[in-house]
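Quick one: this structure, given as structure tokens, is what I'll be asking you about.
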Amino acid sequence: MGRAPIIRNPVIAVRFCVVFMAVAVQGIMGIRAAQGIADTKLWYDRPASSWNEALPVGNGRMGAMVFGGVSDERLQFNEQTLWTGTNASQKIGQDKSTDGAMGEYQPFGNVILHFSGHQQPVDYRRELDLRTGIATTRYRVGEVTFTREVFASHPDRVVVVRLSADKPDSLSFSISLKDVARSQLGAAPSSASETDRQLSFGGRLSRPATAPPGDLRWNDMAYHAALRVIPQGGRLTLANGELSVTGADAVTLLLSAATDYDPDPGKKYPGEPPAPNVAAALDRASEKSYDRLRADHVADHAAFFGRVNLDLGGHERDALPTDRRLAEYKEGARDNSLEALMFQFGRYLAIASVRPGGLPANLQGLWNEKASPAWYSGYTHNINVEMNNWLTETANLPECAEPLFDWVENIERCTRLNPDPSLQTKLGWIMYSTHNPLGGNSGWALHQPGSAWLSQHFWEHYAFGEDREFLRKRAYPQLRELTRMWDARLIEEPNGKLITPDGWSPEHAPVRGKDGKIIIKEGDRTPQPGASYDQQIVWDLFTNFIEASGVLGVDDDLRARITERRARLLGPQVGGWGQIQEWKEDVDDPKLDYRHISHLFALHPGRQISPMVTPEWAKAAKVTLDAHSDGSCGWSRAWKISFRARLHDGESAARVVRSTLEYVDPSKGRGSGTYPNLLGAGPPFQIDSNFGYTAGVAEMLLQSHLRDARGEWMIHLLPALPSGWKDGEVTGLRARGGVTVDITWKDGKVTDYQLRSLEPKQVMVRVNGKEEIVSVNERPQTFSP
Ligand code: FUC
């Protein structure tokens, strides 16, 4: 069976000394209790004055941004399926009948609470605890301390707000529920209704009389939201569309929102009507006490969050407000604990925004307040969708990968049904660069290798979890079909090399200027045969196909053919200034600090370039990276963490960690890095840099993408540990081959590590510069190197 790449370097050749070490079974589920006190709270000493200071909660379908206001509290909420647009291809500027087909992700509404007499709070604090998924606002007015807890419950499918006070009868405030679903689009608002304990609104994204008939943003999607008020003590009154609470001890608010979205492209999304679903969710949740709702939410959230603990030491600044920490960090302060907090924040956002049965994270995950968000807040897959999903396997959230697979299969079906001539293929399927979740696309830039890149995620899900049914039923059909497509597309050069015919390197290309000189032009789409990005993705696809068909023991003839074809693919080329060439010809500009470095796909997330297997290419990849700054937009910074980690360059990776966390104060203009609420600043907010950051840090601590001489996945502990992370501990990271890993280190050296695997096996571990083979099984075992 053809497996690649195999470590052939004698320096790291396997020493078949099986290390039998003491078996120590410790902790619940085999993961040790954390030794350090990892900081898992974001906190602030004043309310959010902008959206980029508000705190996100989410249950995988609904998201809310909590502002923590005192006189006026605002919860801006979303539901992930509220989209304008259709399942058609948008032809920008050509065919007016498809204007708006791509549509945009829409904000749903706002919950506004008004508290009279709370103008002068003291001891104000608002926080988000990543461990519980609860946002808390607390302050005192006179003798009374007021507390508000907000969370989005996945088990109960509602957003819950609990208001309480430490003195009886103290809670008096008004509540309103504002529709923005239509009004922010410039149409008449939906119809609102009230009862003595509930506010609601609902309607359809139906075309207003003022909009032109060809405006396909209006898709008739039905939506509904309702807020139920459950006071403890006091009085509840309704006037002018607002509910007012007077003199209560505590109040629980339950918010639910839904649409009739159905992902089936054949049905054009008239799924179940939303209002009964909203009512059912509120009825079920109302039957539970607040304590029960809270406990069920915390248990659900913690079951995901608690799988991984990261302690990098350096807790001196934990007691400072998060925005101040960021500001001081930008000035050069060391804050390992903030770097670890940001790692966990990425995991938190994944748990809050992506759950099985829902949609994958869009460009803003789940959180959006604008009717016209940047790039539609869509699904752009020449880096962004993929980056959003890198963390799911390594950072131990494999369930959060499932929506991506549903989405890819859905887009595939939609693409096959789409009459757009550009999308017709005999084998496989291709896509445009940006999609909505209805099957439509922006009509901009056909992205030929996009489906192949996405198929890598199917393979990785198997590589980490070893679920053979998933491999057979879902991963393999993608890998096989796309392999056949690319096999048929390849062109043979006179020297026998195989190249892709009409490639691209997102999102620019070399063109000849009037003076005859080559310039690299952003946005240019001139077909580029043999573009490195395409070549590398095809190599990766072929490798995954070869391995998958070998595991399943099928398609021997095709595997043999593809193994031969892979060997003839034009591989990474080292150009005149020592760089990895981006195009077939050596035309790279060493001064071009472009955000996409697509021609290093082979380094990450691919596995064709590695210092251990292909040191010459790794050297050239370093030259390419060194020609780029650590800066650029948010996701570009985050990707560079993984690139540097794959080069085993901990110091450079740490520099880019710092760059990704560069503080962007929203009151002082635009910039790239991290907003006060730790959301990534593209700018504007894009969630890819959050997820990419977490994936990058995981890559610094653990790698497992290479095969050892036996053809098994090799586990590399602390492959890119910077000197600043001298002592630390991580528990619960996942490695390929179904292995979970804990590592403790001191003075930059692993002192012990713990492994457990789904099935008994012998694993090669690279640790402290040596290799050892250890026996592992489902019971956690501790090893001292
Ligand atoms: C790609 C990037 C942009 C942005 C957009 C959503 O087109 O080049 O920087 O992230 O996706």
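The values are calculated or read from the model by the stated rules, or taken from the named source; none is laboratory data. The structure displayed is predicted, hence computed values, not measured ones. Here the Cβ is made from the backbone with ideal geometry for all residues, glycine too, and neighbour counts use every protein chain on show. Side chains are part of the model used for accessible areas, which takes the heavy atoms of the whole protein and leaves out ligands, DNA and RNA. Shrake-Rupley method; radii C 1.70, N 1.55, O 1.52, S 1.80 Å.
Kindly indicate which of Ala627, Ala654, Ala620 is more than 14 Å from the ligand (Cβ to nearest atom), within 20 Å of Arg325 (Cα to Cα), surrounded by fewer than 24 Cβ atoms within 10 Å (Cβ to Cβ) and among the small types (Gly, Ala, Ser). Lay out the reasoning, then the answer.
On the way: Ala627 fails: within 20 Å of Arg325 (Cα to Cα); Ala620 fails: within 20 Å of Arg325 (Cα to Cα).
Only one candidate qualifies: Ala654.
Residue under question is Ala340, and the condition is that it be out of contact with any Pro (no Cβ under 9 Å at 6 or more places or on another chain), open to solvent by 50 Å² or more (accessible area, probe 1.4 Å) and among the small types (Gly, Ala, Ser); does it hold?
Values: out of contact with any Pro (no Cβ under 9 Å at 6 or more places or on another chain): yes; open to solvent by 50 Å² or more (accessible area, probe 1.4 Å): no; among the small types (Gly, Ala, Ser): yes.
For Ala340, the condition - out of contact with any Pro (no Cβ under 9 Å at 6 or more places or on another chain), open to solvent by 50 Å² or more (accessible area, probe 1.4 Å) and among the small types (Gly, Ala, Ser) - is not met.
Would you please name the residue that is nearest to Trp725 (Cα to Cα), looking only at residues in segment 756-766 that are in contact with a helix residue (DSSP H, G or I) (Cβ under 9 Å, 6 or more places away or on another chain) and open to solvent by 50 Å² or more (accessible area, probe 1.4 Å)?
Arg756
Looking at Met342, is it within 16 Å of the ligand (Cβ to nearest atom), assigned to a helix (DSSP H, G or I) and closer than 28 Å to Val741 by Cβ?
Values: within 16 Å of the ligand (Cβ to nearest atom): no; assigned to a helix (DSSP H, G or I): yes; closer than 28 Å to Val741 by Cβ: yes.
So Met342 does not fit the description; no.
How many residues are open to solvent by 50 Å² or more (accessible area, probe 1.4 Å) and either touching a Gly at 6+ places or on another chain (Cβ under 7 Å) or more than 25 Å from Phe691 (Cβ to Cβ) (or both) if we restrict to segment 580-612? If you could, list the steps in order and put the result at the bottom.
Filtering segment 580-612 down to residues open to solvent by 50 Å² or more (accessible area, probe 1.4 Å) leaves 584-586, 589-593, 595.
Okay, now just the ones that are also either touching a Gly at 6+ places or on another chain (Cβ under 7 Å) or more than 25 Å from Phe691 (Cβ to Cβ) (or both), so 584-586, 589-592.
So the answer is 7.
Given the conditions (1) more than 25 Å from Glu564 (Cβ to Cβ); (2) open to solvent by 60 Å² or more (accessible area, probe 1.4 Å); (3) modelled with pLDDT of 95 or more, and given that Ser505 satisfies all but one, which numbered condition is not satisfied?
(2)
I would also like to ask the following. Suppose we filter segment 508-530 for residues that are part of a loop (DSSP other than H, G, I, E, B) and modelled with pLDDT under 95; how many remain?
Looking only at segment 508-530, we keep the residues that are part of a loop (DSSP other than H, G, I, E, B), and these are 513-517, 523-527, 529-530.
Then keep just the ones that are modelled with pLDDT under 95; that gives 513-517, 523-527.
Counting residues in segment 508-530 that are part of a loop (DSSP other than H, G, I, E, B) and modelled with pLDDT under 95 gives 10.
Only one of these is over 19 Å from the mean Cα position of the chain (by Cα), at pLDDT below 95 and within 16 Å of the ligand (Cβ to nearest atom): Leu417, Leu446. Name it. Before you say what the answer is, go through the steps one by one.
Values: Leu417 fails: within 16 Å of the ligand (Cβ to nearest atom).
After ruling out the rest, the residue left standing is Leu446.
Determine whether segment 515-523 contains at least one residue that is closer than 19 Å to His447 by Cβ, under 28 Å from the mean Cα position of the chain (by Cα) and surrounded by 13 or more Cβ atoms within 10 Å (Cβ to Cβ).
Within segment 515-523, none of the residues are closer than 19 Å to His447 by Cβ, under 28 Å from the mean Cα position of the chain (by Cα) and surrounded by 13 or more Cβ atoms within 10 Å (Cβ to Cβ).
Identify, by number, the condition in (1) polar (S, T, N, Q); (2) within 16 Å of the ligand (Cβ to nearest atom); (3) closer than 13 Å to Phe691 by Cα that Ser377 doesn't meet.
Of the numbered conditions (1) polar (S, T, N, Q); (2) within 16 Å of the ligand (Cβ to nearest atom); (3) closer than 13 Å to Phe691 by Cα, the odd one out for Ser377 is (3).
Any chance segment 307-318 includes a residue that's assigned to a loop (DSSP other than H, G, I, E, B), of a type in the set (Gly, Ala, Ser) and within 30 Å of Leu678 (Cβ to Cβ)? Even if it seems obvious, please write down each step before you answer.
We begin by selecting, within segment 307-318, every residue assigned to a loop (DSSP other than H, G, I, E, B); these are 307-308, 312-318.
Now drop any that are not of a type in the set (Gly, Ala, Ser), which leaves 313-314.
After this cut, where a residue has to be within 30 Å of Leu678 (Cβ to Cβ) as well, the list is 313-314.
So far as segment 307-318 goes, yes, one or more of its residues are assigned to a loop (DSSP other than H, G, I, E, B), of a type in the set (Gly, Ala, Ser) and within 30 Å of Leu678 (Cβ to Cβ).
Moving to a separate point now. Please work out if Ala258 is in contact (Cβ under 8 Å) with a residue 40 or more places away in the chain and closer than 19 Å to Phe108 by Cα. Can you show your working first?
On the way: in contact (Cβ under 8 Å) with a residue 40 or more places away in the chain: yes; closer than 19 Å to Phe108 by Cα: yes.
Yes; evaluated as a whole, the condition is true for this residue.
I've got another one for you. Of all residues in segment 630-651, how many are more than 16 Å from the ligand (Cβ to nearest atom) and under 18 Å from the mean Cα position of the chain (by Cα)? Outline the logic, then answer.
Looking only at segment 630-651, we keep the residues that are more than 16 Å from the ligand (Cβ to nearest atom), and these are 630, 641-651.
In the following step, the residues that additionally are under 18 Å from the mean Cα position of the chain (by Cα) were identified as 641-643.
Going through segment 630-651 one residue at a time, the tally reaches 3.
Out of curiosity, is Trp577 open to solvent by 30 Å² or more (accessible area, probe 1.4 Å) and touching a residue at least 24 places away in the same chain (Cβ under 8 Å)? Walk me through it before giving the result.
On the way: open to solvent by 30 Å² or more (accessible area, probe 1.4 Å): yes; touching a residue at least 24 places away in the same chain (Cβ under 8 Å): yes.
It is true that Trp577 is open to solvent by 30 Å² or more (accessible area, probe 1.4 Å) and touching a residue at least 24 places away in the same chain (Cβ under 8 Å).
Among helices (runs of 4 or more DSSP H) lying entirely in segment 377-466, which contain 3 or more residues that are farther than 24 Å from Ala352 by Cβ?
Details: elements: 384-394, 402-417, 450-465.
It comes to 402-417, 450-465.
What are the pairs with Cβ atoms under 7 angstrom where one residue, in segment 631-646, is among the polar types (S, T, N, Q) and the other, located anywhere, is away from the ligand (no atom under 13 Å from the Cβ) and in a helix (DSSP H, G or I)? Sequence gap at least six, or different chains.
Here the result reads Ser642/Ala695; Ser642/Gly696; Ser642/Glu699, each pair linking segment 631-646 to a residue that is away from the ligand (no atom under 13 Å from the Cβ) and in a helix (DSSP H, G or I).
A quick yes/no check of all residues on (1) open to solvent by 10 Å² or more (accessible area, probe 1.4 Å); (2) of a type in the set (S, T, N, Q); (3) touching a Gly at 6+ places or on another chain (Cβ under 7 Å):
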residue: Ile715; (1), (2), (3): no, no, no
residue: Arg736; (1), (2), (3): yes, no, no
residue: Gln754; (1), (2), (3): no, yes, no
residue: Asn768; (1), (2), (3): yes, yes, no
residue: Val774; (1), (2), (3): no, no, no
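Being small (Gly, Ala, Ser), away from the ligand (no atom under 15 Å from the Cβ), out of contact with any Pro (no Cβ under 6 Å at 6 or more places or on another chain) and open to solvent by less than 10 Å² (accessible area, probe 1.4 Å) is the filter here, so list the residues in segment 422-441 that pass it. Quick ask: steps written out before the conclusion?
In the first step, residues of segment 422-441 are kept if they are small (Gly, Ala, Ser); the result is 422, 428, 433, 439-440.
Pick out the ones that are also away from the ligand (no atom under 15 Å from the Cβ) and you get 422, 428, 439-440.
Still in the running and out of contact with any Pro (no Cβ under 6 Å at 6 or more places or on another chain): 422, 428, 440.
If the condition is that a residue be small (Gly, Ala, Ser), away from the ligand (no atom under 15 Å from the Cβ), out of contact with any Pro (no Cβ under 6 Å at 6 or more places or on another chain) and open to solvent by less than 10 Å² (accessible area, probe 1.4 Å), then Gly428, Gly440 are the ones that fit.
Also, I was wondering about something else. Looking only at segment 271-300, count every residue that is under 21 Å from Asp179 (Cα atoms) and either touching a Phe, Trp or Tyr at 6+ places or on another chain (Cβ under 8 Å) or free of Cβ contacts under 8 Å to residues at least 12 places away in the same chain (or both) and tell me the total.
Qualifying residue count, segment 271-300: 3.
Could you tell me how many of the residues in segment 739-752 are farther than 18 Å from Gly314 by Cβ and either surrounded by 20 or more Cβ atoms within 10 Å (Cβ to Cβ) or β-branched (Val, Ile, Thr) (or both)?
Summing the residues that are farther than 18 Å from Gly314 by Cβ and either surrounded by 20 or more Cβ atoms within 10 Å (Cβ to Cβ) or β-branched (Val, Ile, Thr) (or both) in segment 739-752 gives 6.
Check whether at least one residue in segment 753-771 is over 29 Å from the mean Cα position of the chain (by Cα) and among the hydroxyl-bearing types (Ser, Thr, Tyr), and report yes or no.
Checked against the condition, which is being over 29 Å from the mean Cα position of the chain (by Cα) and among the hydroxyl-bearing types (Ser, Thr, Tyr), segment 753-771 yields no hits at all.
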